[in-house]
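Let me begin by presenting the structure, written as structure tokens, before commenting on it.
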Amino acid sequence: MECPHKHNLPSDGTPLKPSPTLDHWRESSEITSLTYSDGHDGWIALRQEISQEILLDTRFSQLPHRFPGLAPVLPPEGFIDDADELAIRSADLLALDGDQHRKCRRTVTSKFSFKAVNSYTEIVSALVSKQLAHLRSQPQPVDLTEHYSEPISIANHAFVLGIPDSMVSEFERTFVGTASREDRITFVRDIYKYRKGNPAEDLISHLIASELTQAEVEGLIYVFFTSGRDSVAYMISTSMVALLQHPDQLAYLQKNLPLSQEAIEELMRYCAMFVTLFPRTALEEMEIAGQKIEIGQSVSVSPVAVNRDSRIWDDPDTLKLDREIKAHLSFGHGIHGCVGQQLARLVIQESLSQLLGAVNSIQLVSAEQLEPMEFAHPVATYKVGKVFLTWKN
């Protein structure tokens, strides 16, 4: 069946109130047409089962990286030299298929396993405690994102990856702020050299000691420097906004700290950041949910739409922290799912538990994310924005 209509991705939603258009599309069909910013007519999957099938289907490729219409378009960025190009083409986990993807991912998974993440608990707790002390010292109202969520995400990212304290500020300048590609690649190479001469128990040291080539290691360093950290900051701030808009759930949490796994998974579901994941592109002609997918057509999956499906969750637009745990798509699914998701859960759980246990009568003054904003990335993710709070110590 040919694509009957052309649809742009709606941009009128917010993290806690996704666009009603997504609900309409999901109730009408498992997948619907979607126009991408390059004019390509593809598809978007909106229900859980079909989305999981697409994310597992080896008939799709991670490339090309087409992005939905209305998402911001970033200017093309060239490689600074041949070594830069080789590194990215060898190890960009978001753009690899098949054996090369499995090789690179297999090398990093041990550092993000349940066992490994459990071993990080004490240091993660200390990093959160340090930032909480800073937050409480600030004049109120205070921006939770600037003074708590972002610094916690940066500190934990640096710890697990292996960025030494003396280089964290440079990491923040080049990979959290705005910097040229040349500055970013130079920093990646500096870190590689430092860890090669000063190995420790971190991810970068582990990669250098593996059988990967230098190009593959540098490519993976770049990928991890640009991935995951922003979603942790987003989830800490957005979870607090959600809780402050649901005082009954906030009160429930404050009486049941630390946060349970049920509470964490519900916050992940309800506050999903990804309106769409990186698209998959058909390597062969196929049929999905009664629709003909042509070779070269891209299909996006929408975690936000899937996570609000009443077929899976009763009253999905309501935050219920004691829900039975079910499989949401906030971290993706399958072999391209977020490799650092267990670490993200730990950092978010510790950050929210410590904050809620330390302050009383917390109030939301304002939050930019309560109104629609431009997407944070061409793949279509919500922005965290400023979140101003007051409380009684």
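The values are calculated or read from the model by the stated rules, or taken from the named source; none is laboratory data. Note that the structure is a prediction, hence the values are computed from the model and not measured. All Cβ positions, even for glycine, are placed from backbone atoms using ideal geometry, and neighbour counts span all protein chains on display. Side chains are part of the model used for accessible areas, which takes the heavy atoms of the whole protein and leaves out ligands, DNA and RNA. Shrake-Rupley method; radii C 1.70, N 1.55, O 1.52, S 1.80 Å.
Here is a yes/no grid of residues against (1) outside any loop (DSSP other than H, G, I, E, B); (2) surrounded by fewer than 20 Cβ atoms within 10 Å (Cβ to Cβ):
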site: Leu277; (1), (2): no, no
site: Ser300; (1), (2): yes, no
site: Thr318; (1), (2): no, yes
site: Ile325; (1), (2): no, yes
site: Ser330; (1), (2): no, no
site: Ala344; (1), (2): yes, no
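Here Thr238 meets the list (1) within 22 Å of Glu172 (Cα to Cα); (2) in contact with an Asp or Glu (Cβ under 8 Å, 6 or more places away or on another chain) almost entirely, failing just condition (2). For segment 360-383, the criterion of being of a type in the set (Lys, Arg), open to solvent by 50 Å² or more (accessible area, probe 1.4 Å) and either part of a helix (DSSP H, G or I) or more than 24 Å from Thr178 (Cα to Cα) (or both) is met by none of the residues. Note on segment 63-84: residues that are over 23 Å from Asn8 (Cβ atoms) and either of a type in the set (Val, Ile, Thr) or open to solvent by less than 40 Å² (accessible area, probe 1.4 Å) (or both) total 2.
This table checks each residue for (1) of a type in the set (Val, Ile, Thr); (2) in contact with an Asp or Glu (Cβ under 9 Å, 6 or more places away or on another chain).
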| position | (1), (2) |
| --- | --- |
| His147 | no, no |
| Val160 | yes, yes |
| Ser166 | no, no |
| Phe171 | no, no |
| Phe175 | no, no |
| Ala179 | no, no |
| Phe187 | no, yes |
| Lys196 | no, no |
| Pro199 | no, no |
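Within segment 200-238, the residues that satisfy the criterion of being polar (S, T, N, Q), open to solvent by 10 Å² or more (accessible area, probe 1.4 Å), over 18 Å from Ala83 (Cα atoms) and touching a Ser or Thr at 6+ places or on another chain (Cβ under 9 Å) are Ser210, Ser231. For Ser119, the conditions (1) of a type in the set (Ser, Thr, Tyr); (2) closer than 18 Å to Leu352 by Cα; (3) surrounded by fewer than 18 Cβ atoms within 10 Å (Cβ to Cβ) are fulfilled apart from (2).
For segment 98-107, the criterion of being open to solvent by less than 50 Å² (accessible area, probe 1.4 Å), part of a helix (DSSP H, G or I) and among the small types (Gly, Ala, Ser) is met by at least one residue. Residue count for segment 384-393 under the criterion of being at pLDDT 95 or above, of a type outside the set (Phe, Trp, Tyr) and either open to solvent by less than 40 Å² (accessible area, probe 1.4 Å) or over 19 Å from the mean Cα position of the chain (by Cα) (or both): the result is 5. If you go through segment 239-266 and pick out every residue that is assigned to a helix (DSSP H, G or I), under 16 Å from Thr318 (Cβ atoms) and either open to solvent by less than 60 Å² (accessible area, probe 1.4 Å) or of a type in the set (Asp, Glu) (or both), you end up with 14.
The residue of segment 161-178 that is nearest to the chain's Cα centre (by Cα), among those that are of a type in the set (A, V, I, L, M, F, W, C) and open to solvent by less than 20 Å² (accessible area, probe 1.4 Å), is Leu161.
So, in segment 1-43, of the ones that are β-branched (Val, Ile, Thr) and in contact (Cβ under 8 Å) with a residue 40 or more places away in the chain, which residue ends up surrounded by the most Cβ atoms within 10 Å (Cβ to Cβ)? Result: Ile31. So, of the residues in segment 347-359 that are in a helix (DSSP H, G or I) and open to solvent by less than 20 Å² (accessible area, probe 1.4 Å), which turns out to be farthest from Met240 (Cα to Cα)? Once the filter is applied, the top-ranked residue is Val347. Residues in segment 279-296 that are farther than 30 Å from Ile325 by Cβ, open to solvent by 30 Å² or more (accessible area, probe 1.4 Å) and assigned to a loop (DSSP other than H, G, I, E, B): Leu283, Glu284, Glu285, Gly290, Glu294, Ile295.
Looking at the structure I just gave you, is Ile335 open to solvent by 50 Å² or more (accessible area, probe 1.4 Å) and either assigned to a helix (DSSP H, G or I) or among the aromatic types (Phe, Trp, Tyr) (or both)? Yes, satisfied. Within segment 129-154, the set of residues being open to solvent by 30 Å² or more (accessible area, probe 1.4 Å), in contact with a helix residue (DSSP H, G or I) (Cβ under 7 Å, 6 or more places away or on another chain) and under 25 Å from Ala200 (Cβ atoms) comprises Ser129, Gln131, Glu150, Pro151.
Residues satisfying the criterion are absent from segment 44-54 (criterion: surrounded by fewer than 17 Cβ atoms within 10 Å (Cβ to Cβ), farther than 18 Å from Ser330 by Cα and more than 20 Å from the chain's Cα centre (by Cα)).
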